[in-house]
Amino acid sequence: MNESTNNNEQELIDLGSAWAEAMVANDATRIGSFMADEWVIVSERGISTKDQFLSFVESGALTHSAFDMSGDARIKFYGDTAVLTCRVVNTAHFGGQQFDADEFASDVFVKRAGKWLCVLSHITAVDKGWETMKRDSGENG
């Protein structure tokens, strides 16, 4: 790994930490600053655009009281594109209900005018039963 890759990797890790802080602060403007205009998130509920997501935050309908990366992130670079994959444990509040989530997240970033912006986020809930089965069978991956 060369110095440029190390610098970019640290930049993305720092960006992820700052994004998580913005999520817990429920600061729609800061959250939006990490996203490209065409950003979407894909989850079990479907696809949401940047405007849809941020409108929930701005209105207070969606808040987060915790947002933490669990374990090490996997970051791969493809020119001015990077894919960050990690596990995130968070507590969200939506529609008057609390949601404690343990999810795998993949974020695709592009570097534009020297700044990394996320264009796509995908989240998948951790299957606790599968994890237990893997652990009990001695499987590591």
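The values are calculated or read from the model by the stated rules, or taken from the named source; none is laboratory data. Just so we're clear, the structure is a prediction, and the values are computed from it rather than from any experiment. We place every Cβ from the backbone using ideal geometry, glycine too, and count neighbours over all the protein chains shown.
I'd like to verify a number: residues in region 49-85 that are surrounded by fewer than 18 Cβ atoms within 10 Å (Cβ to Cβ), of a type in the set (Val, Ile, Thr) and over 17 Å from LEU15 (Cα atoms), how many?
2
Can you name the condition, by its number, that GLY46 falls short on among (1) at pLDDT 95 or above; (2) surrounded by 15 or more Cβ atoms within 10 Å (Cβ to Cβ); (3) of a type in the set (Gly, Ala, Ser)?
Failing condition for GLY46: (2).
Please list, ordered by first then second residue, the pairs with beta carbon atoms under 9 Å, 6 or more apart or interchain, first in region 10-23 and in contact (Cβ under 8 Å) with a residue 24 or more places away in the chain and among the aliphatic types (A, V, I, L, M), second surrounded by fewer than 19 Cβ atoms within 10 Å (Cβ to Cβ) and assigned to a helix (DSSP H, G or I).
MET23/ARG30
Please find, within region 86-99, the residue that is farthest from PHE53 (Cα to Cα) out of those that are of a type outside the set (D, E, K, R) and surrounded by 14 or more Cβ atoms within 10 Å (Cβ to Cβ).
Top of the filtered list is CYS86.
Looking only at region 75-101, count every residue that is closer than 22 Å to GLU44 by Cβ and more than 12 Å from the chain's Cα centre (by Cα) and tell me the total.
11
Return the residues of region 112-140 that are assigned to a loop (DSSP other than H, G, I, E, B), among the small types (Gly, Ala, Ser) and over 28 Å from ILE31 (Cα atoms); say none if nothing qualifies.
GLY138
Of the residues LEU15, LEU54, which single one is touching a Gly at 6+ places or on another chain (Cβ under 7 Å) and either under 17 Å from LYS111 (Cα atoms) or at pLDDT 95 or above (or both)?
Going through LEU15, LEU54 in turn, just one is touching a Gly at 6+ places or on another chain (Cβ under 7 Å) and either under 17 Å from LYS111 (Cα atoms) or at pLDDT 95 or above (or both): LEU54.
Looking at (1) under 21 Å from SER17 (Cβ atoms); (2) in a strand (DSSP E or B), find the lone condition where VAL57 falls short.
(2) is the only condition that VAL57 fails.
Is at least one residue of region 24-43 outside any helix (DSSP H, G or I), touching a strand residue (DSSP E or B) at 6+ places or on another chain (Cβ under 7 Å), at negative phi and acidic (Asp, Glu)?
yes
Provide a single number: the residues in region 36-50 that are under 14 Å from VAL110 (Cβ atoms) and among the β-branched types (Val, Ile, Thr).
Counting residues in region 36-50 that are under 14 Å from VAL110 (Cβ atoms) and among the β-branched types (Val, Ile, Thr) gives 1.
In the list ASP102, ASP127, ASP107, which residue meets the criterion of being under 19 Å from ASP72 (Cα atoms) and surrounded by 17 or more Cβ atoms within 10 Å (Cβ to Cβ)?
Within the list ASP102, ASP127, ASP107, the selection yields ASP107.
Tally up the residues in region 60-86 that are in contact (Cβ under 8 Å) with a residue 24 or more places away in the chain and either within 18 Å of ASP102 (Cβ to Cβ) or in a strand (DSSP E or B) (or both), please.
17
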